[in-house]
Amino acid sequence: MSIIFQPQFLTTGVGSLPHVDLEAALRLIWQSVPQAPHWPQLPKTGAESSFIGQYLTALIETGVITGFEQPRFQVEAPDWMERLTAFYALYLEADEGSSEALDKFGFTPDGGRGFEGFCRDLAENGLREALLLKGQLSGPLTVGLQITDKNRRSCYYDDTQRDMLVKSIAMHAQWQTKRLKAFGLPVLMTIDEPGLYAVGASTHVTLEKGKLIEDLNVIAEGIMQQGGVPGAHVCAGMDWTILFDSQIQVINFDAYEYMTSMVVLAEELETYLQRGGILSWGLVPTQPAVWEENPDTLRRRLEENIAELVKRGVDEARLRQQSMLTPSCGTGTLSLEMAERIYTLLRELGKELKNEFKNELPVQAN
């Protein structure tokens with residue numbers, strides 16, 4: 001891994017917003033994170049825009065999975081093998097470079113409302129202050145744990161179903177990266193994978209670290225193939241070495257609630273940063289505590305956390321150069337008022353930190 005860019009506490013969002021009004025969502029994004037805007041995921045607008053359903057288009061279109069409301073692999077269908085064959089044929093066509101086939105891994109019209117609105121806004125109004133564009137998609141572990149069979153067994157534990165899920169999400173990541181890359185800026189594509197918290201838990205003892213890294217790398221490689229920067233977001237404590245040891249280049253973690261899980265891996269974090277990795281701090285809480293915080297209290301928390309990492313061997317200058325700032329999680333399930341409060345704090349804290357850096361992206365991928 002080489003240094004892709006030096007974000008210097010560049011601010012962006014995790015992705016989801018509680019809005020049903022697209023224009024209002026876009027205004028909030030451009031007002032709050034104009035240098036690294038993201039497209040708004042709008043889960044309250046329906047199942048096709050949900051965290052699980054939004055990225056299943058190709059699987060549903062080929063009949064492998066039926067329905068956005070309660071998606072389930074149709075392994076008991078009499079023509080299951082024909083459906084499976086149709087999916088893999090589409091995948092191979094896209095993998096061989098067919099733009100038409102790749103498009104079928106994108107969003108449905110309803111599911112892509114936020115994404116298409118963001119792209120349309122960029123085309124009509126230009127890049128403005130943007131230095132980077134951010135996209136996001138749900139990770140295969142989290143989606144795979146939620147999609148179950150009639151016996152409530154998660155599809156992630158079935159090799160065939162997991163393979164199709166990973167390939168479908170990887171192709172979607174390529175499609176989305178390609179679309180955003182067309183605007184001429186660096187593209188950060190983040191895999192939202194909160195399910196990684198389950199690794200090592202007694203309820204998920206069969207989850208294998210090596211397989212999880214392999215799946216993440218398939219998606220990351222597709223993102224890089226399209227010229228993007230692969231990231232991952234986990235809003236829980238976890239074994240961060242899973243991401244340190246993968247090809248993920250930006251790690252977005254909940255620094256408000258789960259800082260300890262990162263502190264205990266300070267040595268491994270330093271190695272990751274030395275290799276060019278970027279740490280994205282989810283510092284602004286996405287919970288009622290946000291009403292009790294202000295830019296000063298959050299800045300103090302950040303400085304205390306940096307000091308703790310430095311005490312444990314992390315190079316301070318490198319850490320500050322290779323850090324980003326976000327909310328601790330997405331805001332899609334919250335009230336409009338709370339989401340606006342979160343983005344306001346993010347904007348104000350970002351402006352304060354901006355005084356230390358120019359927030360340029362001087363180092364580009366070779």
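The values are calculated or read from the model by the stated rules, or taken from the named source; none is laboratory data. Everything numeric in this text was worked out from a predicted model, so none of it was measured. Cβ atoms come from the backbone with ideal geometry, glycine included; neighbour counts cover every protein chain shown.
Worth a mention:
- Every pair of residues 6+ apart whose Cβ atoms lie under 7 Å, when the first sits in the range 292-309 and is under 17 Å from Phe9 (Cα atoms) while the second is modelled with pLDDT of 95 or more and not in a helix (DSSP H, G or I): Leu298/Leu283; Leu298/Val284; Arg301/Leu283; Leu302/Trp281; Leu302/Leu283; Asn305/Ala255
- Taking the criterion of being buried (at least 24 other Cβ atoms within 10 Å of the Cβ) and at pLDDT below 95, the only residue of the range 184-195 that qualifies is Gly195.
- Of all residues making up the range 236-262, the number that are in a loop (DSSP other than H, G, I, E, B), among the aliphatic types (A, V, I, L, M) and within 19 Å of Gln8 (Cα to Cα): 2
- Test for Thr160: is it in contact (Cβ under 8 Å) with a residue 12 or more places away in the chain, assigned to a loop (DSSP other than H, G, I, E, B) and more than 26 Å from Pro37 (Cβ to Cβ): no
- Of the residues making up the range 298-354, those that are part of a loop (DSSP other than H, G, I, E, B), among the hydroxyl-bearing types (Ser, Thr, Tyr) and surrounded by fewer than 21 Cβ atoms within 10 Å (Cβ to Cβ) are Thr333, Ser335.
- Members of the range 263-283 found to be surrounded by fewer than 23 Cβ atoms within 10 Å (Cβ to Cβ) and part of a helix (DSSP H, G or I), listed by number: Val263, Ala266, Glu267, Glu268, Glu270, Thr271, Leu273, Gln274
- Sole exception among (1) buried (at least 20 other Cβ atoms within 10 Å of the Cβ); (2) within 29 Å of Ala25 (Cα to Cα); (3) not acidic (Asp, Glu) for Lys181, by number: (1)
- Residues in the range 243-255 that are buried (at least 22 other Cβ atoms within 10 Å of the Cβ) and not small (Gly, Ala, Ser): Leu243, Ile248, Gln249, Val250, Ile251, Asn252, Phe253, Asp254.
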